[in-house]
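The values are calculated or read from the model by the stated rules, or taken from the named source; none is laboratory data. Remember, predicted model here, so these are calculated numbers, not experimental data. We place every Cβ from the backbone using ideal geometry, glycine too, and count neighbours over all the protein chains shown.
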Amino acid sequence: MFLVVVYGLVLALPLLFLVRRSLSPSPQPPPVDPQPEEKKSLKTIMQPPRDDLDPPKDDPFTLDQLKEFDGSDSSKPIYVSIKGTVFDVTRKSDVYGPGKSYNIFAGKDGSKGLGKSSLNLEDAVPDYSDLPENEKNVLNDWFSFFQKRYNIVGRVTDMPASVSNLANL
Ligand code: HEM
């Protein structure tokens, strides 16, 4: 009889152990946070800020004069104006050059379109005064983006009256 009990225990204990283990939740690996990787890759899509920019210049441009710098003449630089500040984007002719995605902003002040995140020709105009607050913030973000990456070569002297007295960043 004693042997039967011992035998029973020898068989039952490991079985009990296995059953308990399969019923209790297995330890989970620590949750993987995809964000840092995602953020990193999003960051690397856009060009990084630069630390080799020239001191800003204050040369005057009329909106009409700016048109010369839309990339159609490859011997001239490409300029993009935001809120009346003119940036030299020549080194990114791969996106601002003729036929490229953001050529719509070249040789002009297309502040409104930048604020609206719009690539429609009719939005690429200098009067951004009627943008709602959130789109004005988007526009300001673009201004900072350009300010950290492109040389400022001048300012537009004939911005529409509705925005010409609005302070820049
Ligand atoms: C499907 C939609 C879009 C995609 C996939 C996209 C993608 C990109 C990528 C990959 C870049 C980095 C380009 C580079 O540095 O070479 C970029 C930059 C940029 N995008 Fe877009 N974009 C989109 C829509 C828009 C729209 C609607 C606007 C209108 C405001 C816009 C304006 C810009 C501007 C101004 C830059 C900065 C270019 C620079 O100076 O480096 N994008 N976009």
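Hey, among 99, 113, which residue is surrounded by 15 or more Cβ atoms within 10 Å (Cβ to Cβ) and among the small types (Gly, Ala, Ser)?
Numbers: 99 fails: surrounded by 15 or more Cβ atoms within 10 Å (Cβ to Cβ).
Exactly one residue qualifies, and that residue is 113.
Looking for something surrounded by 14 or more Cβ atoms within 10 Å (Cβ to Cβ), among the small types (Gly, Ala, Ser), within 19 Å of residue 50 (Cα to Cα) and within 14 Å of the ligand (Cβ to nearest atom) - is there at least one such residue anywhere in the range 68-76? No, the conditions are met nowhere in the range 68-76.
In the range 46-57, the residues that are away from the ligand (no atom under 14 Å from the Cβ) form Cβ pairs under 7 Å with partners that are outside any loop (DSSP other than H, G, I, E, B) and among the hydrophobic types (A, V, I, L, M, F, W, C), at six or more places apart or across chains, as follows: 56/152; 57/152; 57/153. For the range 116-138, the set of residues classified as surrounded by 20 or more Cβ atoms within 10 Å (Cβ to Cβ) and among the aliphatic types (A, V, I, L, M) consists of 124 only. When the criteria are applied in full, residue 43 fails the requirement of being assigned to a helix (DSSP H, G or I), modelled with pLDDT of 95 or more and out of contact with any Gly (no Cβ under 9 Å at 6 or more places or on another chain).
Taking the condition of being free of Cβ contacts under 8 Å to residues at least 12 places away in the same chain and more than 19 Å from residue 62 (Cα to Cα), how many residues in the range 131-169 meet it? Working first, answer last.
Going residue by residue through the range 131-169, those that are free of Cβ contacts under 8 Å to residues at least 12 places away in the same chain are 132-134, 137, 141, 161, 165, 167.
The next check asks that each one be more than 19 Å from residue 62 (Cα to Cα); those that pass are 132-134, 137, 141.
Qualifying residue count for the region: 5.
Beta carbons closer than 6 Å, at least 6 apart along the sequence or on distinct chains, pair a first residue in the range 97-123 that is touching a residue at least 40 places away in the same chain (Cβ under 8 Å) and more than 11 Å from the ligand (Cβ to nearest atom) with a second that is of a type in the set (A, V, I, L, M) and assigned to a strand (DSSP E or B) for 109/156. Against the condition touching a strand residue (DSSP E or B) at 6+ places or on another chain (Cβ under 6 Å) and within 12 Å of the ligand (Cβ to nearest atom), how does residue 145 come out, does it pass? Answer is no for this residue. Of all the criteria given as (1) hydroxyl-bearing (Ser, Thr, Tyr); (2) over 14 Å from residue 149 (Cα atoms); (3) within 15 Å of the ligand (Cβ to nearest atom), the one not satisfied by residue 79 is (2). What is the residue count in the range 82-96 for residues that are near the ligand (Cβ under 7 Å from one of its atoms) and closer than 21 Å to residue 58 by Cβ? Here the count works out to 1.
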